[in-house]
1. Using 13 Å as the cut-off for backbone N distance, which residues of the range 53-68 belong to the label zone defined by a point 7 Å from the Cα of GLU122 along Cα→Cβ?
2. Straight-line reach from LYS123: which aspartates and glutamates have a Cα under 19 Å away, not including same-chain ones fewer than 8 places off?
3. Principal axis extents for the range 91-133, Cα atoms only, whole Å, descending order, please.
4. Once you wrap a convex hull around the alpha carbon atoms of the range 1-57, what is its projected area averaged over all directions, in nm²?
5. Can you work out the FRET efficiency for the pair GLU217 and LYS13, with r the C-beta to C-beta distance and R0 = 22 Å, to the nearest 0.05?
6. With both bridge residues required to lie in the range 173-235, what share of the DSSP beta bridges run antiparallel, to the nearest 5%?
7. Which one of ILE18, ILE205, ILE67 has the biggest mean-square fluctuation once the chain is modelled by GNM with Cα springs under 10 Å?
8. Put a dot 7 Å past each Cα toward the Cβ at LYS76 and ASP23; how far apart are the dots in nm?
Amino acid sequence: MNADLEKLIELEKVDSEIARLRDEVATLPKRVAAIEGKLADDKARVEKVKLAIKSNEAARRKFEGEIQGAQQKITKYRDQSSSVKTNDEYRALMHEVQFAEKEIAASEDKILELMIALEAEEKALRAAENDLKDEAVAVEKEKAEARTRTGEDEALLAGLSEKRTELRSGVSDSALAHYDRVRRQRKSAIAEAREQKCLACFVMIRPQTWQEIRSNEQIVTCSSCGRILYYDPANEPALEPTPTKKKGRSRVAETQGDEAEAETARATPITPAQ
């Protein structure tokens, strides 16, 4: 195989792996940021439920205060009722007592509703705190994995960069310039040729060019996409065996055979039946 072609094939593999590793290194922080965003959402959910519980407690204290105030009014009205002089005054005081009692009943109903809501809020808080705890563990695990993977990728990148430099130094300037130009444009500069086609753009190759590619002895580029082509005989599809036809008897042989059978029949004596 042509020395430049062999090195360029290997260089393409190295460049592709370097690109993959760089993408992975760039993606890992984004993945950690995404899971940290989920952690922030869980923290916000916990704080929201805690705020709802605080609001519930404040509302209950408010209604408890209103009940206490209404009870004090009832006590005051009953004390005043013992000293009133007319029925109208007494009825007015009893009306105020009834109104205060209704206020107490309404506040007690509100407190009951708040207590029922508090049970659901406390349950939601426990669930949110458990989710937050699990998410925090997942975040730390993800960060540790990201740090480990980043370190491994950077070590691989360092080794591949050295290999890339070594490969490029062994390729002729013209071939390397063509490789770099095509790779910048198409993300790949090498393509296998198989069944007289470029496997990158699937354009048919002329017979003379196909023979040149099959030898792998020179740099040949695709006339359509510009990629450098190579041939791998191991990937060439196997030829299907040609079916063999059975030779039939000729017409002359069949005629001669029929005549011989007839002559034998005439020569055979017929034995009379007993």
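1. 53-54, 57
2. ASP41, ASP42, GLU47, GLU57, GLU113, ASP131, ASP134, GLU135
3. 62, 10, 5 Å, listed from the longest principal axis down.
4. Hull-based average projected area comes out at 3.9 nm².
5. E between GLU217 and LYS13, to the nearest 0.05, is 0.55.
6. Roughly 55 percent of the DSSP beta bridges within the range 173-235 come out antiparallel.
7. So, out of ILE18, ILE205, ILE67, the one fluctuating most is ILE67.
8. Going from the ASP23 label point to the LYS76 one covers 7.9 nm.
Each reported figure results from applying straightforward, stated rules to the coordinates on display, with no laboratory input. If you're wondering where the values come from, they're calculated on a predicted model, not measured in any experiment. Counting neighbours? That spans all protein chains shown, and the Cβs are built from the backbone with ideal geometry, glycine included.
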